[in-house]
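Notes follow the structure.
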């Protein structure tokens with residue numbers, strides 16, 4: 001049982017905070033925290049995850065309330081408590097919950113995170129075996145369709161000023177797969193992607209815009225089905241490291257964007273007429289990218 005809101009209890013005229021007291025279910029204990037930002041102010045919206053220490057199973061997950069509080073009531077046992085917020089160093093600790101005991105509310109102040117080193121200037125090539133381009137779309141009438149593109153290539157030209165860097169991605173439209181052969185064939189047909197006339201989906205960036213912490217927005221143009229539209233990729237930079245196939249330098253990032261099917265004149269009417277329910281009006285595009293720094297001895301990724 002997780003409570004998203006833990007309110008501060010104060011006696012009239014008192015200046016010190018008081019811990020909350022509440023009845024607990026049999027066999028359960030409670031853990032609470034008050035999260036502060038680097039300036040010592042209450043921090044709402046921090047992500048809190050409580051996991052069983054032995055099985056690593058997530059038992060409670062939520063965000064702090066506007067006053068920076070979070071409370072979870074769980075079966076007695078040992079747990080790992082993780083607190084995270086954008087641009088701040090995560091806080092992790094182990095707590096032991098006892099039957100019928102509510103632990104004193106702990107005050108946790110998060111510190112600024114050390115910025116990740118940006119990729120060094122130069123050419124970076126996608127590593128396809130460690131890169132994925134996926135999409136999620138609403139299935140007409142029920143659930144969601146999850147799919148991916150299996151063939152693509154791309155790279156990043158990192159400039160000395162990161163905002164002037166350039167990203168290019170080319171996707172083989174015919175490599176679309178959703179795990180259903182009939183649906184995939186129709187997605188490739190003239191009714192939808194029309195891969196015979198438009199074999200590629202291309203993205204070319206125009207600007208890298210810094211947000212905060214590890215967050216960037218990559219702005220650019222996505223060309224699909226003969227139409228180009230402006231798209232913004234909400235991107236999280238994951239850092240760089242040596243290793244993979246050898247000691248090559250590689251970097252990683254995650255990116256997301258929402259596409260509107262009608263922006264690209266993709267029409268499903270004829271497919272619906274044949275009883276084939278495909279996708280809804282919006283598609284969530286997700287990219288998990290690893291790129292290798294290009295040198296004379298950059299390894300060739302395996303097929």
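General observations
- Quarter of Cα convex hull surface for the chain, i.e. mean projection, nm²: 21.2
- Prolate is the label for region 122-293, because the ratio a/c of its alpha-carbon gyration tensor axes (a ≥ b ≥ c) is 1.5 or higher and a/b is greater than b/c.
- With the helix formula -39500 (n - 2.57) applied to DSSP H stretches of n ≥ 4, the chain reaches a computed 222 nm mean residue ellipticity of -1000 deg cm²/dmol.
All of the numbers you see were taken from the coordinates with simple rules; none came from a lab. Given the structure is predicted, the values throughout are model-derived calculations rather than measurements.
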